[in-house]
């Protein structure tokens, strides 16, 4: 997927991931310094601006342009909910201090589904193919594995070939197919693929 990491300025061990907050990790890319970390409350307005920008760039996301209408106060509450939930994370990716990507991992409150979570990821188009998505997913997987998640799920548009290949690289496999799942307008529908990664080391009898 393109690009690349010259060095990493922080080396995590497994215990670093056993928390709801992911500490800052820095990577040097050809386009500048990449920082991966949990979203901060003071970044709420910047995250809103990022979401409004990214939703105008691609049809691969769930929302149409203009559908995101969360206030700064609501975004702050959302970030706080992630910080205070040790089963969920919300990550940002920054290049030279600017937010260029996010990843959210969410779970069900029901006990029968506590072994699994689902994530979504978005990156500004001009920052595609630099490996930023890979570092976000790698961070999320390390955290999930260290916090005893058996299964990580996702849904992806069937025509999003780059994303599918990226997920496959991290061990995600197709589980199902949702026909006519997303409507793009003018009679155009897109199917969705359900994928998952299962870590049998976290299997409990």
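The values are calculated or read from the model by the stated rules, or taken from the named source; none is laboratory data. Predicted model only: the values in this text are computed from it and were never measured. Reconstructed Cβ throughout: ideal geometry from the backbone, glycine too, with neighbour counts over all protein chains shown.
Do we find that residue 122 is farther than 30 Å from residue 150 by Cβ and modelled with pLDDT of 95 or more in this structure?
Numbers: farther than 30 Å from residue 150 by Cβ: no; modelled with pLDDT of 95 or more: yes.
No, not satisfied.
Restricting attention to the range 58-80 and to residues that are in contact with a strand residue (DSSP E or B) (Cβ under 9 Å, 6 or more places away or on another chain) and at pLDDT below 95, the residue that is surrounded by the fewest Cβ atoms within 10 Å (Cβ to Cβ) turns out to be 62. Criterion first (crowded, with 18+ Cβ neighbours inside 10 Å, closer than 16 Å to residue 37 by Cα, without any contact (Cβ under 8 Å) to a residue 40 or more places away in the chain and under 16 Å from the mean Cα position of the chain (by Cα)) does residue 103 satisfy it? Here the answer is yes, as residue 103 does meet what is asked.
Could you check, for the range 140-147, whether at least one of its residues is at pLDDT 95 or above and at positive phi? Taking every residue of the range 140-147 in turn, none turns out to be at pLDDT 95 or above and at positive phi. Summed over the range 151-188, residues that are in contact with a helix residue (DSSP H, G or I) (Cβ under 6 Å, 6 or more places away or on another chain) and in a loop (DSSP other than H, G, I, E, B) total 1. The set of residues in the range 176-202 being more than 22 Å from residue 122 (Cβ to Cβ) and surrounded by 13 or more Cβ atoms within 10 Å (Cβ to Cβ) consists of 198, 199, 202. Taking (1) free of Cβ contacts under 8 Å to residues at least 40 places away in the same chain; (2) on the phi > 0 side of the Ramachandran plot; (3) surrounded by 13 or more Cβ atoms within 10 Å (Cβ to Cβ) in turn, residue 131 satisfies each apart from (1).
So which residues in the range 33-57 are part of a strand (DSSP E or B) and surrounded by 15 or more Cβ atoms within 10 Å (Cβ to Cβ)?
Initial filter on the range 33-57 (part of a strand (DSSP E or B)): 33-38.
Once the filter is applied, which keeps residues that are part of a strand (DSSP E or B) and surrounded by 15 or more Cβ atoms within 10 Å (Cβ to Cβ), the range 33-57 yields 34, 35, 36, 37, 38.
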